[in-house]
1. Testing ASP31 on (1) part of a strand (DSSP E or B); (2) under 22 Å from TRP196 (Cβ atoms); (3) charged (D, E, K, R), one condition comes back false. Which one is that?
2. Return only the number of the condition from (1) surrounded by fewer than 19 Cβ atoms within 10 Å (Cβ to Cβ); (2) touching a Lys or Arg at 6+ places or on another chain (Cβ under 9 Å); (3) closer than 28 Å to SER174 by Cβ; (4) touching a residue at least 24 places away in the same chain (Cβ under 8 Å) that GLU141 does not satisfy.
3. Which of (1) at pLDDT 95 or above; (2) closer than 24 Å to GLU94 by Cβ does THR160 not meet, given it meets every other one?
4. When the residues of segment 35-53 are filtered to those that are under 17 Å from the mean Cα position of the chain (by Cα) and not in a strand (DSSP E or B), which remaining residue is surrounded by the most Cβ atoms within 10 Å (Cβ to Cβ)?
5. Can you tell me which of (1) farther than 25 Å from GLN85 by Cα; (2) under 19 Å from the mean Cα position of the chain (by Cα) is the one HIS113 doesn't meet?
6. State yes or no: is ARG155 within 21 Å of LEU32 (Cβ to Cβ), touching a residue at least 12 places away in the same chain (Cβ under 8 Å) and out of contact with any Leu (no Cβ under 7 Å at 6 or more places or on another chain)?
7. Checking the structure you have, find out if any residue of segment 227-238 is part of a loop (DSSP other than H, G, I, E, B), touching a helix residue (DSSP H, G or I) at 6+ places or on another chain (Cβ under 6 Å) and either buried (at least 16 other Cβ atoms within 10 Å of the Cβ) or modelled with pLDDT of 90 or more (or both).
Amino acid sequence: MALPDPITPGDYSNWPTLRVIYRTDPDRIADLLPPGITPGAEPHVHLHVYQVPIAGEPEFGVVIMVPARYDGIEGLYNIGYGIDQEQAIFISNEINGQPKFPCTIKYFRIGNHVVARAYHQGYTFLEFSGEVVADISAEGEQTWTEHQWWLKYSRAVGGTEKRYDFPPHVVKVSSTSSLVYRIQVDGDLVLRDSPWDPIAELLPMREQVAAHLQKSQMDYSTRSLTLAGALDPDAFWPHTDTIGNSRWPGMNGGPRRRL
């Protein structure tokens, strides 16, 4: 099946995103959310695997999000944002609280066959393999506004208990996009055990809900990043220690269990 829009052969600038949604246990999502952010309407995990040119070269990445509500607004809480470009990781967290971490991504389509893998610290923590089956562009939303929730905070120099140089705040990321095309993919997502990316353990898959290739066009004039409000610093303290720069609960910046 051919893509609905023309591309220039060999051009990396026009790839769709592979979007996979699966159902997990509602209490598992609740366990990962800090006090002040509550689970959204559906106990779903949203995985986006992408390639988009950043800083003049292709960036491959995977985004892990769950539906969540803050200040009465439905959105997606970003748990992790694995990318293969180091230069964008630390500055994104410092300025905006975006939970980026280094990750090796394999993502390609050959004919109707679609493959995606995410690899970090010696572990492949997710894989997807499937076949393109149908154009479903006419189904679902054609234009939508999305809100994401990131977190910005800095613990006090020296690591004093429950002290911050910048207390925890929610960063609201809002944007409006329009659909270019949406193509259904018949395939299977496999989550694998990893102490560095414990998605299989902390967000176990109970049912795969959807998988598709999607190309959308963001209206950058509507995109905004704002400090939406503060979280209770004492209640948030158990959530400060994460695995690397993700929002997976960690131990001194690494996995909760020793390797």
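1. Among (1) part of a strand (DSSP E or B); (2) under 22 Å from TRP196 (Cβ atoms); (3) charged (D, E, K, R), the lone unmet condition for ASP31 is (1).
2. Evaluating GLU141 over (1) surrounded by fewer than 19 Cβ atoms within 10 Å (Cβ to Cβ); (2) touching a Lys or Arg at 6+ places or on another chain (Cβ under 9 Å); (3) closer than 28 Å to SER174 by Cβ; (4) touching a residue at least 24 places away in the same chain (Cβ under 8 Å) leaves (2) as the failure.
3. (1)
4. Our first condition is that a residue be under 17 Å from the mean Cα position of the chain (by Cα); within segment 35-53, this holds for 37, 39-40, 42-52.
Filter once more, keeping what is not in a strand (DSSP E or B): 37, 40, 42-43.
Working: ILE37: 21, GLY40: 19, GLU42: 16, PRO43: 19.
So the residue we want is ILE37.
5. For HIS113, the failing item is (2).
6. Against the criterion (within 21 Å of LEU32 (Cβ to Cβ), touching a residue at least 12 places away in the same chain (Cβ under 8 Å) and out of contact with any Leu (no Cβ under 7 Å at 6 or more places or on another chain)), ARG155 qualifies.
7. No: segment 227-238 contains no residue that is part of a loop (DSSP other than H, G, I, E, B), touching a helix residue (DSSP H, G or I) at 6+ places or on another chain (Cβ under 6 Å) and either buried (at least 16 other Cβ atoms within 10 Å of the Cβ) or modelled with pLDDT of 90 or more (or both).
Conditions tested, residue by residue: (1) touching a residue at least 12 places away in the same chain (Cβ under 8 Å); (2) among the hydroxyl-bearing types (Ser, Thr, Tyr); (3) under 28 Å from TYR22 (Cβ atoms).
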site: LYS215; (1), (2), (3): yes, no, yes
site: THR226; (1), (2), (3): yes, yes, no
site: ALA230; (1), (2), (3): yes, no, no
site: PRO233; (1), (2), (3): yes, no, no
site: PRO238; (1), (2), (3): no, no, yes
site: GLY244; (1), (2), (3): yes, no, yes
site: ARG256; (1), (2), (3): yes, no, yes
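The values are calculated or read from the model by the stated rules, or taken from the named source; none is laboratory data. None of the values given here were measured: they were computed from a predicted structure. FYI the Cβ positions are ideal-geometry reconstructions off the backbone, even for glycines, and counts take in every protein chain you see.
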